[in-house]
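Here's the structure, in structure tokens; my notes come after.
The values are calculated or read from the model by the stated rules, or taken from the named source; none is laboratory data. Just so you know, these numbers come straight off a predicted model, no measurement behind them. Methodologically, a virtual Cβ is constructed for each residue, glycine included, from the backbone with ideal geometry; neighbour enumeration extends over all protein chains shown.
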Amino acid sequence: MNEPGIQSLMDQETLDQRVQAGETPEWVADHWHSFRDGLLGERNETPFPCFFGAESVQNGEPIYTAVPSMSDADALLGLRDRILEYLEIFEDHSERASLVTFFKPPEEPLSEAEYHETLWHILQTLHLHDPEPWPEDIPTDPDDPYWEFCLGGEPMFPTCRAPFYEKRKSRYCPIGLEITFQPRTLFENLDVTADTEAGQHAREVIQDRLEDYDGVCPHADLGDWGVEGDREWHQYMLSEDEEQAPSTCPITITRTHPKPGAKLP
């Protein structure tokens, strides 16, 4: 961690130091300022809804990386390598050490539909080049309450901020796409999964804050992993305009390993 270059894994202190020293591209600095100010600031006199995330940033716990393209194969394979590296170290770094990824913004603005397409292209690429088989205990069908994205044998929850959110400011990033990867192990270690009293209380607090922070009702697709009727994939990038969001999950998961034609190390 903290190797030279924006595509390395960086702890928060290192990222901040590199930004202040002018050692990062402007878009990385803009992402960092937007992310930090969003999670630590207030809106409508309400703090950021996810108090776990806000406290984590306040304490300097997340790990960061930057990705110079949302579509270039080498950039996405580099992201895969950073995620795999992160999975090896995050528990030793902090119990709340999520991986925050900043993507270089496109030259021309994208529509909401294009951001949805971009997210699923990224996740599909990561899956196709996963060096580990899909976990046996995780379904391959996204229309299953126990499905969630996996990489390196680790189930995880990727959640996005993007420029198209006009109403749901808790998901808004004016710079470009951001994906925060949170392994399920992280939630289990904090004892805040849906089947625990602490997890149910956390969800109530977060949803109350969401309504005050965003000024609109919490999104209908918000739910919990493993709860009948809830689907995890909708929550990775919540829709602002339902007509621009996919109606079915645009990813194909297979247990075939290694994947035919995939470039594995």
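Answer yes or no: is there a residue in segment 200-216 that is over 18 Å from Ile122 (Cβ atoms), modelled with pLDDT under 70 and not in a helix (DSSP H, G or I). No, every residue in segment 200-216 fails to be over 18 Å from Ile122 (Cβ atoms), modelled with pLDDT under 70 and not in a helix (DSSP H, G or I). When restricted to residues that are within 25 Å of Ala75 (Cβ to Cβ), assigned to a helix (DSSP H, G or I) and not aliphatic (A, V, I, L, M), segment 21-60 contains 10.
Quick check, is Ala75 within 16 Å of Phe187 (Cα to Cα) and either in a helix (DSSP H, G or I) or among the hydroxyl-bearing types (Ser, Thr, Tyr) (or both)? Taking the combined requirement at face value, the residue does not satisfy it. When Thr101, Thr159 are checked against the criterion of being buried (at least 20 other Cβ atoms within 10 Å of the Cβ) and of a type in the set (Val, Ile, Thr), a single residue qualifies: Thr101.
Note on segment 52-72: residues that are within 28 Å of Glu114 (Cα to Cα), touching a residue at least 12 places away in the same chain (Cβ under 8 Å) and of a type outside the set (A, V, I, L, M, F, W, C) total 7.
Restricting Glu117, Glu136 to those that are of a type in the set (D, E, K, R), closer than 30 Å to Asp30 by Cα and modelled with pLDDT of 95 or more reduces the list to Glu117.
Residues of segment 17-46 being over 25 Å from Lys167 (Cβ atoms), over 21 Å from the mean Cα position of the chain (by Cα) and touching a residue at least 24 places away in the same chain (Cβ under 8 Å), which ones? Those that are over 25 Å from Lys167 (Cβ atoms), over 21 Å from the mean Cα position of the chain (by Cα) and touching a residue at least 24 places away in the same chain (Cβ under 8 Å): Thr24, Pro25.
Scanning segment 78-98 for residues that are surrounded by fewer than 16 Cβ atoms within 10 Å (Cβ to Cβ) and of a type in the set (A, V, I, L, M, F, W, C) yields a total of 1. Of everything listed in (1) outside any helix (DSSP H, G or I); (2) of a type outside the set (Val, Ile, Thr); (3) at pLDDT 95 or above; (4) surrounded by 14 or more Cβ atoms within 10 Å (Cβ to Cβ), the single unmet condition for Glu3 is (4).
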